[in-house]
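J.: My questions will all concern the structure given below.
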Amino acid sequence: MASSLTCAGTVWALLSFACAAASCVGFFMPYWLLGSQLDKPVSFGTFRRCSYPVRDEVRQTTVMLEQCGRYASFQGIPSLEWRICTVVTGAGCGLLLLVALTALMACCVSDVISRTVGRVAGGIQFVGALLIGSGCALYPLGWDSEEVRQTCSNSSNQFELGSCEIGWAYYCTGAGALAAMLVCTWLACFAGKKQKHYPY
């Protein structure tokens, strides 16, 4: 099976896929912020939440429904910062995934990645990782929303967690983007084979 990648390019393709997978999984999972409400664990992502209060009409009280799900609408996301974070991080994950899948295809197909195309792909990865990093930086600006404050003992604020803590999905998303930005972008410069110049 012909490949258009060098040895460094093969490492780049595999690492690109791992970084994209880490960022995408972290982005989708609702475990960016962990706290509790009514003695039940609560977690948030950028566009998903686990455990939310509902009114129990039989007992005339508020209880926590322990389920995970998306917000009913884009406007339902608790803060403007989290809405921007969702769009920016989602776009960055999409770019990383696009480059990773193209790189994996280049492992099996010749003439997909040249030196120039490899460098362009590295630039796209850099932009994607930068978008994800921007999303991760924006996320703490939404910690002052009412939903988050209820979960964090009414003591959270922008860049102040209160009684909450950062979850594994936030770190997973950021680590995937950081590795893509620092390592994959560099490896992409050496990914493609030099094109052969024929005398005719």
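J.: Taking only protein heavy atoms into account and a 1.4 Å probe, give the accessible area per residue of the chain in Å².
T.: 52
J.: Name the residues whose placed amide hydrogens come within less than 5 Å of the amide hydrogen of Val109, ignoring near sequence neighbours (fewer than 5 apart) on the same chain.
T.: The answer is Ser4.
J.: Count neighbours as other Cβ atoms within 10 Å of each site's Cβ, and list the trypsin sites (Lys or Arg not before Pro) in the range 96-156 that are DSSP loop with at most 10 such neighbours.
T.: Counting only loop positions with at most 10 other Cβ atoms within 10 Å, none of the trypsin sites (Lys or Arg not before Pro) in the range 96-156 qualifies.
J.: Taking the alpha-carbon centroid of each part, what is the distance from the range 53-82 to the range 161-181 in angstrom?
T.: 24
J.: Bin width 10 Å, origin at 0, all Cα-Cα pairs of the range 117-181: what percent of pairs per bin?
T.: 22, 37, 24, 12, 4, 0
J.: Apply the Karplus curve 6.51 cos²θ - 1.76 cosθ + 1.60, θ = phi - 60°, to the phi angles in the range 56-72 and return the couplings in whole Hz, x for Gly and Pro.
T.: Karplus-based 3J(HN,Hα) across the range 56-72 equals 8, 5, 5, 8, 6, 8, 9, 10, 8, 8, 8, 9, 9, x, 7, 5, 4 Hz.
J.: Run the accessible area of the chain with a 1.4 Å probe and give the carbon-and-sulfur part as a rounded percent.
T.: Exposed carbon and sulfur together represent 64 percent of the surface.
J.: Under 5 Å between amide H atoms, partner at least 5 residues away or on a different chain: which partners does Gln37 have, H built in plane at 1.01 Å?
T.: For Gln37, whose amide H was placed from the backbone, the distant partners under 5 Å are Val42.
J.: Please give the net charge around Cys152, taking every other residue with its beta carbon less than 13 angstrom from that of Cys152, where Lys and Arg add +1 and Asp and Glu add -1.
T.: That sum, taken over residues with Cβ under 13 Å, equals -4.
J.: If the only charges are +1 at each Lys and Arg Cβ and -1 at each Asp and Glu Cβ, what is the size of the charge dipole of the chain around the Cα centre, to the nearest 20 debye?
T.: Roughly 900 debye for the chain.
J.: Can you give me the span-like helices of the chain, meaning DSSP H runs with 30 Å or more of Cα extent along the axis and Kyte-Doolittle mean at or above 1.0?
T.: Result, helices passing both filters: 7-28, 80-106, 115-138.
J.: Which residue, chosen from Ser51, Ala180, Ala137, occupies the Cα position most advanced towards the positive end of the dipole of the chain, where the dipole is computed from +1 (Lys, Arg) and -1 (Asp, Glu) charges on Cβ about the Cα centre?
T.: Ala180
J.: So, one more: Can you give the Rg to Rh ratio of the chain, both from alpha-carbon atoms, with Rh computed by the Kirkwood formula?
T.: 1.15
J.: Compute the Rg/Rh shape ratio of the range 85-200: radius of gyration over Kirkwood radius, all on alpha-carbon atoms.
T.: Ratio value, two decimals: 1.20.
J.: Write out the GluC sites (Glu not before Pro) in the range 16-101 meeting two conditions: DSSP loop, and at most 10 other Cβ atoms within 10 Å of their Cβ.
T.: Glu57
J.: With +1 on each Lys and Arg Cβ and -1 on each Asp and Glu Cβ, and nothing else charged, work out how big the dipole of the range 69-160 is about its Cα centre, in Debye to the nearest 20.
T.: 340
The values are calculated or read from the model by the stated rules, or taken from the named source; none is laboratory data. For clarity, every value in this text was computed on a predicted model and none was experimentally measured. With ideal geometry, Cβ positions are generated from the backbone for all residues, glycine too; neighbour counts draw on all protein chains shown. Note: areas computed on protein heavy atoms with side chains; ligands, DNA, RNA excluded. Shrake-Rupley method; radii C 1.70, N 1.55, O 1.52, S 1.80 Å.
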